[in-house]
Amino acid sequence: MIFRSRSLPALFGFLLAAPAFGGPLEDAALYEQACAACHGSDGRGRSVEDRGFELELPDFTDCEFASREPDPDWHAVIHEGGPVRAFDRMMPAFGDALTDEEIYAILRHIRTFCENRNWPRGEFNVPKPLFTEKAFPEDETVFNLRADTDDSDAVIFETVYEKRFGPRGMTEVKVPLGRRNSPQDGAANFGFGDLTLGYKHALHHNLERGSAFSIGGEVILPTGKEEDGFGSGSTVLEPYAAFVQLLPGDAFLQAQALAEFALDGPAEDEVAVRALLGKTFTEGEFGRAWSPMLELLAARELRSGSGATLDVVPQLQVALNTRQHILLNVGVRVPVANRQERKPQIVMYLLWDWFDGGFRDGW
Ligand code: HEC
């Protein structure tokens with residue numbers, strides 16, 4: 001017997017008539033029986049009069065919403081009910097009524113409602129590293145904090161606002177603000193850093209192969225005071241490519257290659273490669289996600305060929321709330337080659353994936 005819940009007696013007749021599952025028809029029939037009463041046969045959600053409660057239902061045909069939700073998150077909500085991700089309990093738990101196989105059959109059907117394959121799937125939205133740019137276009141606000149352990153006692157607070165633009169695009173603004181001891185007299189200075197404007201485009205994504213690839217570019221404007229150590233004093237153009245490969249066991253590889261070209265001012269042109277390996281661990285079957293990552297940062301100045309640096313950044317990202325759209329990442333950037341007086345830097349961010357809800361929602 002496949003449906004064990006007594007609250008779904010209507011299902012038994014259907015089960016007698018449909019002994020085998022696996023094809024699109026069976027996927028649709030399962031959805032029809034278990035979900036359509038609320039979510040509608042067309043996936044848009046039945047009307048308030050039909051279903052008898054006020055709560056707004058998700059529209060599975062809306063690719064902008066549906067594409068970004070990874071299967072494991074929806075599997076958790078279907079298995080455990082809405083509250084497992086701080087949604088309403090009007091979304092029932094089907095963990096006792098449906099096998100995992102059936103839940104995935106229904107998910108296959110739900111995925112047919114969004115017909116535009118242009119949108120990269122949320123599976124590629126792997127944990128954000130502290131330095132490497134992701135391949136996935138995000139809707140999020142990130143608060144970065146970087147604290148130097150050298151004599152500058154520098155603390156830079158940077159707000160990053162990222163907004164998706166169509167299925168594959170993303171625009172970005174970064175505003176740094178900081179304090180550091182003056183190199184001349186040691187007095188504390190406060191100031192803005194260099195403002196960054198960026199655009200990123202997902203060129204390729206293939207869920208079967210688990211890989212996605214993007215290109216992007218940033219313009220870094222010399223808005224920070226160079227003499228106080230808050231800016232490079234140059235307008236810098238930074239083209240880059242970003243790549244993600246999903247690996248078995250919730251592991252992932254991310255990489256970014258970039259170049260920085262100074263259009264004016266004193267900054268040197270530079271090339272850099274950033275890469276990391278990480279893995280997500282879940283508390284219990286559906287609980288809080290913890291993602292340790294090890295990031296490598298290599299950079300080299302182009303003209304002089306000198307000043308090549310290599311840093312490692314061990315870090316741990318954790319989901320703070322039940323919805324898992326507020327995340328904290330803490331790490332240390334440790335110079336390992338050509339340290340040149342460089343000391344470790346403490347780096348962290350607080351990330352708010354605002355498409356999934358307000359900052360105070362979902363705790
Ligand atoms: C009794 C009505 C009802 C039934 C039956 C029902 N759902 Fe839901 N479902 C809801 C409601 C209401 C929400 C929205 C909850 C919220 O936003 O707080 C929801 C939300 C969801 C979500 C979360 C979408 C998101 O925002 O990420 C998924 C996925 C989902 N349902 C899948 C299913 C599947 C699959 C079935 C059948 C196995 C099903 N639901 C059956 C009422 C229902």
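The numbers here are math on the coordinates, done by the rules we state, and not lab data. This is a predicted model, so every value here is computed, not measured. Positions of Cβ are generated from backbone atoms using ideal geometry, with glycine treated the same way; all protein chains shown enter the neighbour counts.
Key figures
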{"quantity": "Highest-MSF residue in the chain out of Lys134, Lys225, Lys200 [GNM, Cα springs under 10 Å]", "calculated": "Lys225"}
{"quantity": "Summed side-chain charge close to Gly287 - residues other than Gly287 whose Cβ falls under 14 Å, Lys, Arg +1, Asp, Glu -1", "calculated": "-2"}
{"quantity": "Relative exposure of Val155, Val48, judged by other C-beta atoms within 10 Å (fewest first)", "calculated": "Val48, Val155"}
{"quantity": "Label point distance in nm, Asn118-Arg303, each placed 7 Å from Cα along Cα→Cβ", "calculated": "4.2 nm"}
{"quantity": "Cysteines (scope the chain) whose Cβ has no counterpart Cys Cβ under 4.7 Å", "calculated": "Cys35, Cys38"}
{"quantity": "Lysines whose Cα lies under 26 Å from that of Lys174, excluding same-chain neighbours fewer than 8 positions away", "calculated": "Lys128, Lys134, Lys163, Lys200, Lys225, Lys343"}
{"quantity": "Area projected by the alpha carbon convex hull of region 184-327, averaged over all directions, nm²", "calculated": "11.8 nm²"}
{"quantity": "Net charge over other residues, Cβ less than 11 angstrom from the Cβ of Arg179 (K, R count +1; D, E count -1)", "calculated": "-2"}
{"quantity": "Overall form of the chain per C-alpha gyration tensor (a/c, 1.5; a/b vs b/c)", "calculated": "prolate"}
{"quantity": "Cα long-axis angle, helix 24-34 against the chain (0 to 90 degrees, to the nearest 10)", "calculated": "80 degrees"}
{"quantity": "Gyration tensor verdict on region 37-85 (Cα atoms; rounded if a/c is under 1.5, prolate if a/b is larger than b/c, oblate otherwise)", "calculated": "oblate"}
{"quantity": "Shape call, region 11-111: gyration tensor on alpha carbons, a/c limit 1.5", "calculated": "rounded"}
{"quantity": "Calculated [θ] (222 nm, deg cm²/dmol) that DSSP helices of n ≥ 4 give over the chain, each run adding -39,500 (n - 2.57)", "calculated": "-3500 deg cm²/dmol"}
{"quantity": "Dimensions (Å) - region 226-303, Cα atoms, principal axes, largest first", "calculated": "54, 26, 15"}
{"quantity": "Nitroxide proxy distance, nm - points 7 Å out along Cα→Cβ at Val175 and Asp153", "calculated": "2.7 nm"}
{"quantity": "Alpha carbon centroid spacing (whole Å) that separates region 213-262 from region 159-204", "calculated": "10 Å"}
{"quantity": "0 to 90° range, to nearest 10: angle between helix 71-80 axis and the chain longest Cα axis", "calculated": "50 degrees"}
{"quantity": "In sequence order, calculated HN-Hα J values of region 35-43 (Karplus, 6.51, -1.76, 1.60; Hz; x Gly/Pro)", "calculated": "10, 5, 4, 9, 7, x, 4, 8, x"}
{"quantity": "Cα long-axis angle, helix 100-111 against the chain (0 to 90 degrees, to the nearest 10)", "calculated": "70 degrees"}
{"quantity": "Rounded to whole Hz, the Karplus (6.51, -1.76, 1.60) HN-Hα couplings of region 308-324, x for glycine and proline", "calculated": "5, 10, 9, 10, 10, 10, x, 7, 9, 9, 9, 7, 8, 10, 5, 5, 6"}
{"quantity": "Sorted by Cβ neighbour density within 10 Å, fewest at the top, the residues Trp363, Trp119", "calculated": "Trp363, Trp119"}
